[in-house]
Amino acid sequence: QVELVESGGGSVQAGGSLRLSCTASGRTFTNYAMGWFRQTDGKEREFVAGVTRVGGGTTYADSVKDRFFISRDNPRRMVFLEMTGLKVDDTAVYYCAADRFGNNWAPTSMDYWGKGTLVTVSS
């Protein structure tokens, strides 16, 4: 079992920045690729960014490429999402997720989820 707890959400104006954090407990952190997803009311949960087990590889959704940056700190069992140039369309609940394989970032492929943190971007 892996428990994930997100933090760092909040309200920000368009063009601003936020840094989300996710802390993991339970099984060996480096056994899991880690991802960030987001969801708004009435829409399906969507992939935002992912990082491999040792942090050597990252993947981004086209909508956030060059604005969002994912990283992980394995000794601290944490993963981060640095969000810059925020847009109103980035408003969502952001979820941290863990995956044993890291070769498929579909939400249905993830093994564990946090409860989410709300990011609100205003114009």
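Descriptive notes on the structure:
- Scanning the range 111-121 for residues that are under 26 Å from Gly85 (Cβ atoms) and of a type in the set (A, V, I, L, M, F, W, C) gives Leu118, Val119, Val121.
- Qualifying positions in the range 1-20 - over 12 Å from Ala97 (Cα atoms) and either within 16 Å of the chain's Cα centre (by Cα) or crowded, with 22+ Cβ neighbours inside 10 Å (or both): Ser7, Gly8, Gly9, Gly10, Ser17, Leu18, Arg19, Leu20
- Qualifying residue in the range 103-119 (condition: at pLDDT below 95, loosely packed, with under 14 Cβ neighbours inside 10 Å and in contact with a helix residue (DSSP H, G or I) (Cβ under 8 Å, 6 or more places away or on another chain)): no
- Matching residues, the range 23-39, being part of a loop (DSSP other than H, G, I, E, B) and either free of Cβ contacts under 8 Å to residues at least 12 places away in the same chain or in contact with a Ser or Thr (Cβ under 7 Å, 6 or more places away or on another chain) (or both): Thr28
- Of residues in the range 56-67 being more than 12 Å from the chain's Cα centre (by Cα) and either loosely packed, with under 11 Cβ neighbours inside 10 Å or farther than 14 Å from Asn103 by Cα (or both), the one modelled with the lowest pLDDT: Gly56
- Summed over the range 41-70, the residues that are within 19 Å of Gly15 (Cβ to Cβ) and either part of a strand (DSSP E or B) or small (Gly, Ala, Ser) (or both) give a count of 4.
- The one condition in (1) in contact (Cβ under 8 Å) with a residue 12 or more places away in the chain; (2) open to solvent by 40 Å² or more (accessible area, probe 1.4 Å) that Cys96 fails to fulfil: (2)
- Scanning the range 43-71 for residues that are under 20 Å from Thr30 (Cα atoms) and small (Gly, Ala, Ser) returns Ala49, Gly50, Gly55, Gly56, Gly57, Ser71.
- Number of positions in the range 88-111 that are acidic (Asp, Glu), outside any helix (DSSP H, G or I) and within 16 Å of Ile70 (Cα to Cα): 1
The values are calculated or read from the model by the stated rules, or taken from the named source; none is laboratory data. If you're wondering where the values come from, they're calculated on a predicted model, not measured in any experiment. In this analysis, Cβ positions are derived from the backbone assuming ideal geometry, glycine residues included, and neighbour counts consider all displayed protein chains. Areas reflect the complete protein model, heavy atoms only, side chains present, ligands, DNA and RNA absent. Shrake-Rupley method; radii C 1.70, N 1.55, O 1.52, S 1.80 Å.
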